[in-house]
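Report on the structure given below.
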Amino acid sequence: MTSSMRPRGVQSDNMLQRRTLLNSHSLDTSTMNRIGDNGSTTLRRKSLKDIVQHFTPAWFAVTMGTGSIAILFNNFPYASDSPVMRGFALGFFFLNLVLFLLFSVITAARYIFFPGIWFHMIRHPVQSLYIGTFPMGATTLINIASGDIFQTYGFGGKPFIYTVWACWWINVAISMACCFGMIHVMIAFQQHSLKSMTTVWLLPIITLVVGSSSGGVLVPALQVYSPSYALLTATFSACMVTIGLTLSLMLLTIYILRLVVYGYPTGASILSVFLPIGPCGQAAYSLLNLGSSFRSLLPLNYGDAGGLLRQSGTGEVVEVICMVGAMVLWSLASMWILFAMLGLAYTLRRERIEFRLSFWGTVFPNGVYANLNLALATTFSSTFFRVWGSIYSVGTLILWVCIALPTIRMVPSGRIFEAPCLEEVAMGGPTRDAERSADDLKN
């Protein structure tokens, strides 16, 4: 039975247990508002302890967005070889690397010093889904490391690219755990409804698509030293993008139903309408890379002479199929951009959206779409895709700046550090997730 049907005494006992539990784990969920002795409200800055406690996985969306900007500078078609463009690409890469390492240290400290938070976070129906931003943020680093630092500058040679390849396999394992693990958690331990659904559900699944695109970027560098390792990477990446794209399209079908039945999400949740651009655009980019990879790797010079992979035209056929699939997915991504713009305009006419950390979730999907257009421009030697991709890249950079500035302003005060999973439990919310978390920790 739900908590609303329980006797009042039972509800009070559960609330008391949750509050006692939080105190026992030192989960200080204080916000910027503090009630004084006379009942007045005063503002205070969050302490370092508060910041660590409220540092949610959603912060890795910052690394995703920053990494996408580095990739756009690296792939920008105009003045791409100029020192300025190379400098910007490397500058954003190292900024992203510093942010990723810093966020990883803070996240580790959060769960080491406050282990009880993990149970509340993993059972929260929204915050837990942002776990997928961690491997996707790492993927942007792997892409630049292999596609720019190694191939452009020749840094590190064989040991470096093999180290990057090993990091990719670790990232793949984390992505698989995020995808299949979080789907299981959503089914078994969380409570969801069609009305509350947003495209944030896609975050754990997109990890497979993003990881596959990184594998496609790695293949040309690996092929120099080991064609067999390159073929293994391309094949595994093809399997990943197939699984990730299939699951994403399933969820997007459900999301269309949710929009038709209940309308657009309200408040800051409306920004989630940009997320469908991610799996469509990134899968298309992955297919382009994999098609080019298979064309260079096939036919094989070993194995059964009559086998399909020994035939001279196999690589070209696979590339054409991948190119057609990429164009289909580009069309879907463009459609979702139109839906996103219409939904955002509709919401802004009716209410003001308060700035939140979730705004960062809009940068990566738009960066993915811009990068896809640049890749299509190279594949088809198309002026349209080159110009459209360049315009969209500049727009994505402006979006990054517009989100980064208020984020920087809010960091010193600590207002941007919020962990809804802790606040709901501290308030004694009647969600099944909070109750189960408390029971698990209690036992």
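The values are calculated or read from the model by the stated rules, or taken from the named source; none is laboratory data. Keep in mind that this is a model prediction, so the values were computed, not measured. Counting neighbours? That spans all protein chains shown, and the Cβs are built from the backbone with ideal geometry, glycine included.
Listing for the model above:
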item: Residue that is modelled with the lowest pLDDT, among those in segment 113-161 that are among the small types (Gly, Ala, Ser) and touching a helix residue (DSSP H, G or I) at 6+ places or on another chain (Cβ under 6 Å); result: Gly147
item: Residue match in segment 371-378 (condition: buried (at least 20 other Cβ atoms within 10 Å of the Cβ), among the small types (Gly, Ala, Ser), touching a residue at least 40 places away in the same chain (Cβ under 8 Å) and within 19 Å of Thr66 (Cβ to Cβ)); result: no
item: Selected residue (criterion: surrounded by the most Cβ atoms within 10 Å (Cβ to Cβ)) from residues of segment 68-89 that are touching a residue at least 40 places away in the same chain (Cβ under 8 Å) and not hydrophobic (A, V, I, L, M, F, W, C); result: Ser68
item: Residue selected from segment 163-180 under the condition more than 13 Å from Val210 (Cα to Cα) and in contact (Cβ under 8 Å) with a residue 40 or more places away in the chain, by the criterion surrounded by the most Cβ atoms within 10 Å (Cβ to Cβ); result: Val164
item: Qualifying positions in segment 306-327 - within 27 Å of the chain's Cα centre (by Cα) and without any contact (Cβ under 8 Å) to a residue 12 or more places away in the chain; result: Val324
item: Residue match in segment 221-238 (condition: out of contact with any helix residue (DSSP H, G or I) (no Cβ under 8 Å at 6 or more places or on another chain) and small (Gly, Ala, Ser)); result: yes
item: Residue match in segment 64-76 (condition: closer than 26 Å to Thr362 by Cβ and aromatic (Phe, Trp, Tyr)); result: yes
item: Every pair of residues 6+ apart whose Cβ atoms lie under 7 Å, when the first sits in segment 387-406 and is over 18 Å from Gly361 (Cα atoms) while the second is in a helix (DSSP H, G or I); result: Trp388/Asn373; Gly389/Ala370; Gly389/Asn373; Gly389/Leu374; Gly389/Ala377
item: Residue in segment 302-335 that is surrounded by the most Cβ atoms within 10 Å (Cβ to Cβ), counting only those that are closer than 14 Å to Asn373 by Cα and polar (S, T, N, Q); result: Ser334
item: Which numbered condition Leu99 fails, given (1) free of Cβ contacts under 8 Å to residues at least 40 places away in the same chain; (2) outside any helix (DSSP H, G or I); result: (2)
item: Residue match in segment 353-362 (condition: assigned to a helix (DSSP H, G or I), aromatic (Phe, Trp, Tyr) and without any contact (Cβ under 8 Å) to a residue 12 or more places away in the chain); result: no
item: Pair list, Cβ < 6 Å and 6+ apart or interchain, from segment 128-147 residues that are under 8 Å from Phe60 (Cα atoms) and in contact (Cβ under 8 Å) with a residue 24 or more places away in the chain to residues that are assigned to a helix (DSSP H, G or I) and among the hydroxyl-bearing types (Ser, Thr, Tyr); result: Gly137/Thr63
